[in-house]
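Here the structure comes first, spelled out in structure tokens, and everything after it is commentary.
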Amino acid sequence: MKENFDFLMPSVNFFGKGVIKKIGDRAKMLNMKKPLIVTDKFLRGMDNGPVAQTLDSLDAAGVSYVIFDGVEPNPKIRNIQAAKQVYLDNDCDSIITVGGGSSHDCGKGTGIILTNGDDITKLAGIETLENPLPPLMAVNTTAGTASELTRHCVITNEKTKLKFVVVSWRNIPLVSFNDPMLELDVPAAMTAATGMDTFVQSIEPYVSTNRNEITDGQCIEAIKLCEESLREAVANGHNLEARTKMVEAEMLGGMAFNNADLGYVHAMAHQLGGQYDAPHGVCCAMLLPIVEEYNLVACPERFAELAKAMGENTDGLSTRDAAELAIKAMRQMADDVHIPRSIKAIGAKPEDFELMAENALKDGNAFSNPRKGTKEEIVQLFQKAYDMK
Ligand code: NAD
């Protein structure tokens, strides 16, 4: 537990049904004359979808804009370079990201190379940015990574297949928008993957070595909301109440990990995502019970508390037995939303595990894991995730 800490999040966060309508006025207040809209082709093509609604609001406020729709999942260096070119060619002065974590991270990465030098690989790590990014707002459409709130920018080097993180307070958007109405049409499999990311992001900060009292409360509340609503949001995407609760969980988990950091689930998931271009939430979900089973001995009392938040009856149980119920509940959640158990499902190959383990231990998320592992132990964890039935 940290006694002295800073607490970071965007200064303005709009939440709730219809808040997307406020973006035009907010762009004007920020003096945005020509923002670059950073998104993907699917979202741009959606009828009355998140991009169309963002543009409607900007049009109504008389703010002009230019669109870059070349974001790929697990955004690549080539995406941020292409977006930078569009920004410069059109004399843009600011950035608005519309989408999930991939759009937000692509927008942040674009901002980073516009003001901090073209080679983003040199900026991987913590607080490496000397200059502010252009003014940035984020319209979020998945629940989700919480990248619309965070200081993290996750980019994949397509040449080395290495996913790396630039962590800086300068990456935090000035304004975030979370309108659950924008998420009603997220397909079930995507709801499950992104929702499991939220679940993991509410668990890892709770056992992180950098946690604090504020983030503890956020994690517990976020876990309860996931337990109440993730299965329902997957089963019935148009249930606005379930979607709304998942957005609340996403924001709480995001605030928690933005300040208490994550652990080996994310450090290892980044290796799977980079190597096999697999959906981030699925990678996290498959690793969660395996990594936390390994972490359990480091802080069993924390896991016993997690079991309670997950709705398990721990009355009369020893701390160890209660803690084990948390691991069981994590596996049950992933099974219920149909996440495959084995990393074979995303094409993982045992011959890659050595290098991935080495890189996982260097990932920015590894340092706050409650148990300090060796490379051999991380290889074993990847192997266990591979052998899962
Ligand atoms: P994503 O942004 O890649 O989106 C997944 C798919 O969902 C895309 O095809 C997109 O078009 C579609 N989609 C998005 N919103 C939709 C909507 N409202 N309706 C219908 N379809 C929609 O997925 P993600 O899980 O949000 O982001 C994953 C990325 O974020 C990964 O690269 C991951 O490493 C990164 N990440 C970043 C942070 C951070 O703090 N910066 C944290 C965790 C993960």
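Overview of results
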read-out: Within region 333-362, tally of residues that are closer than 18 Å to Ser208 by Cβ and surrounded by 22 or more Cβ atoms within 10 Å (Cβ to Cβ); value: 1
read-out: Options Ala322, Ala298, Ala326, Ala304; residue that is touching a Lys or Arg at 6+ places or on another chain (Cβ under 9 Å), in contact (Cβ under 8 Å) with a residue 24 or more places away in the chain and either more than 29 Å from Gly100 (Cα to Cα) or β-branched (Val, Ile, Thr) (or both); value: Ala298
read-out: Residue that is surrounded by the most Cβ atoms within 10 Å (Cβ to Cβ), among those in region 80-111 that are among the polar types (S, T, N, Q) and within 19 Å of Ala27 (Cα to Cα); value: Thr97
read-out: From the options Val186, Val265, Val200, residue that is in contact (Cβ under 8 Å) with a residue 40 or more places away in the chain and part of a loop (DSSP other than H, G, I, E, B); value: Val186
read-out: Of all residues making up region 325-349, the number that are part of a loop (DSSP other than H, G, I, E, B) and polar (S, T, N, Q); value: 1
read-out: Contacts under 6 angstrom Cβ, first residue in region 282-293 being assigned by TED's automatic domain parsing to the domain that holds Gly195 and modelled with pLDDT of 95 or more, partner of a type in the set (Lys, Arg) and assigned to a helix (DSSP H, G or I), 6 or more apart; value: Pro289/Arg331; Ile290/Lys384
read-out: Count of region 112-136 residues which are more than 15 Å from the ligand (Cβ to nearest atom) and either closer than 14 Å to Leu174 by Cα or crowded, with 24+ Cβ neighbours inside 10 Å (or both); value: 3
read-out: Matching entry among Glu292, Glu301, Glu250 (being charged (D, E, K, R), buried (at least 24 other Cβ atoms within 10 Å of the Cβ) and more than 12 Å from the ligand (Cβ to nearest atom)); value: Glu292
read-out: Enumeration of residues in region 212-225 that are more than 13 Å from Gly254 (Cα to Cα) and touching a residue at least 40 places away in the same chain (Cβ under 8 Å); value: Asn212, Glu213, Lys224
read-out: Residues that are away from the ligand (no atom under 15 Å from the Cβ), crowded, with 24+ Cβ neighbours inside 10 Å and hydrophobic (A, V, I, L, M, F, W, C), drawn from region 189-218; value: Val207
read-out: Odd one out for Ser168 among (1) without any contact (Cβ under 8 Å) to a residue 60 or more places away in the chain; (2) in contact with a strand residue (DSSP E or B) (Cβ under 7 Å, 6 or more places away or on another chain); (3) among the polar types (S, T, N, Q); value: (2)
read-out: Segments classed as helices (runs of 4 or more DSSP H), wholly inside region 22-100, with at least 3 members that are under 30 Å from Gly281 (Cα atoms); value: 41-45, 50-60, 77-89
read-out: Residue that is at pLDDT below 95 and surrounded by 15 or more Cβ atoms within 10 Å (Cβ to Cβ), where the choices are Met32, Met1, Met9; value: Met9
read-out: Of the criteria (1) among the charged types (D, E, K, R); (2) crowded, with 21+ Cβ neighbours inside 10 Å; (3) at pLDDT 95 or above, which one Asp387 fails; value: (2)
read-out: Test: residue in region 42-59 that is within 12 Å of the ligand (Cβ to nearest atom), touching an Asp or Glu at 6+ places or on another chain (Cβ under 6 Å), within 25 Å of Glu241 (Cα to Cα) and in the same structural domain as Ala143 (by TED's automatic domain parsing); value: no
read-out: Within region 140-163, tally of residues that are near the ligand (Cβ under 10 Å from one of its atoms) and in a strand (DSSP E or B); value: 7
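The values are calculated or read from the model by the stated rules, or taken from the named source; none is laboratory data. Bear in mind the structure is a predicted one, so any value in this text is a computation, not a measurement. Glycine gets a Cβ as well: all are built from the backbone with ideal geometry, and neighbour counts include every protein chain shown.
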